[in-house]
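Peer 1: Take this structure first; my questions come after.
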């Protein structure tokens, strides 16, 4: 059996993925997470001197903190199983990736286990986040210098 | 039948809520009727706004706008155009226009409370320093 016919057999036997249903679940989960985020942002704006623009910083930290707690308690795993990408794409996925890696490597010790592995998954987010921010800032600086746009 | 009626009424309610004219609220420390009227006329027929609030105090005018959801992408442009309009309408005032929700909330608090001049000055300074905050 060559690779092609093997793949054909696999396609025939494997159960069909419910793409539409998964998309809907992801949409709902992501939407609910973002809705909660919006509520937290309103909370910071109403009770503290934050504006629409500045309230995003404490909101992001709060959401990451809540996700870290939920991951530790094992609740986020269930949300992830239901929502798939809907639970990973918002900033909550970042907190989850950090804490789950830390829990996984706890048995290897705090320095070589937790310390060196905590950013195993989230590290790529930081690296490419910083990199893309640098590129965008560079492009914007050039455009501003050329007089195409304003800051 | 019942379902159809509910759907139609929902659509009508949605449409009527979206196409309504902007809600305009003002507070003038010296209660200058003419200035309030000019302010109201400037926003009366605007189709991009949900809400406009303005507070006049000692040659100072602080305006907050709430842009309709469908016009949110052009929020900055709309705010700038109204800032320009306000500056031409009230050339002897120091105009400050913002489309931030927090500023709207704070201004509405002032309009409801109708504070005396000292408090008003303090509140308006606070609002402007809030809007300048970058962090």
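Readers should treat all values here as calculations from the given coordinates under stated rules, not as data from a laboratory. Predicted model only: the values in this text are computed from it and were never measured. Here the Cβ positions follow ideal geometry from the backbone for every residue, glycine too, while neighbour counts run over all protein chains shown.
Peer 1: Averaged across B:102-114, how many Cβ atoms of other chains sit within 10 Å of each residue's Cβ atom? Could you put the intermediate results ahead of the total?
Peer 2: Details: counts 12, 2, 1, 4, 3, 0, 0, 0, 0, 0, 0, 0, 0.
Partner Cβ neighbours, averaged per residue: 2.
Peer 1: How big is the equivalent ellipsoid of segment A:1-131 along its three axes, where each semi-axis is √(5λ) from the Cα gyration tensor, reported in whole Å from largest to smallest? Write out the running numbers ahead of the final one.
Peer 2: On the way: eigenvalues 224, 103, 37 Å².
They are 33, 23, 14 Å, listed from largest to smallest.
Peer 1: Within the protein assembly as shown, what percent of beta bridges assigned by DSSP are antiparallel, to the nearest 5? Walk me through the numbers on the way to the answer.
Peer 2: Numbers: 7 of 18 bridges.
For the protein assembly as shown, the DSSP antiparallel bridge percentage is about 40.
Peer 1: Same structure again: What is the mean number of Cβ atoms from other protein chains located within 10 Å of the Cβ atom of each residue in peptide A:45-56, rounded to a whole number?
Peer 2: Values: counts 5, 3, 0, 1, 7, 4, 12, 8, 6, 7, 3, 0.
Per-residue shielding by partner chains comes out at 5.
Peer 1: Can you tell me the orientation of helix A:3-13 relative to chain A, as the angle in degrees between its alpha-carbon axis and the longest Cα principal axis, to the nearest 10?
Peer 2: 90 degrees
Peer 1: What percent does the relative contact order of chain A come to when contacts are Cα pairs within less than 8 Å and at least six residues apart? Don't skip to the end; give the middle numbers.
Peer 2: Numbers: 109 pairs, mean separation 28.6, N = 151.
The value is 19 percent.
Peer 1: Sorting B:105, A:151 on the 10 Å Cβ count, fewest up front, what's the list?
Peer 2: A:151, B:105
Peer 1: Quick check on the exposure proxy: order A:10, B:62 from fewest to most C-beta atoms within 10 angstrom.
Peer 2: Details: A:10 9, B:62 25.
Starting with the residue having the fewest Cβ neighbours, the order is A:10, B:62.
Peer 1: Also, quick follow-up: What number, in percent, do you get for the relative contact order of chain B if the mean sequence gap of Cα pairs under 8 Å and at least 6 apart is divided by its residue count? Write out the running numbers ahead of the final one.
Peer 2: Numbers: 153 pairs, mean separation 28.9, N = 135.
Contact order relative to length: 21 percent.
Peer 1: Using only Cα atoms, tell me the angle between helix B:117-132 and the longest principal axis of chain B; keep it within 0 to 90° and round to the nearest 10.
Peer 2: For helix B:117-132, the angle is close to 70 degrees.
Peer 1: Only bridges with both residues in chain B count here: give the DSSP antiparallel percent, nearest 5. Before the final figure, lay out the partial values.
Peer 2: Details: 7 of 18 bridges.
If we restrict to bridges inside chain B, about 40 percent are antiparallel.
Peer 1: Using alpha carbons only, how many degrees (0 to 90, rounded to 10) separate the axis of helix A:56-73 from the longest principal axis of chain A?
Peer 2: Helix A:56-73 sits at roughly 30 degrees to that axis.
Peer 1: If neighbour count is taken as other Cβ atoms inside 10 Å, put B:126, A:104 in order from fewest to most.
Peer 2: Taking fewest neighbouring Cβ atoms as first place, the list is B:126, A:104.
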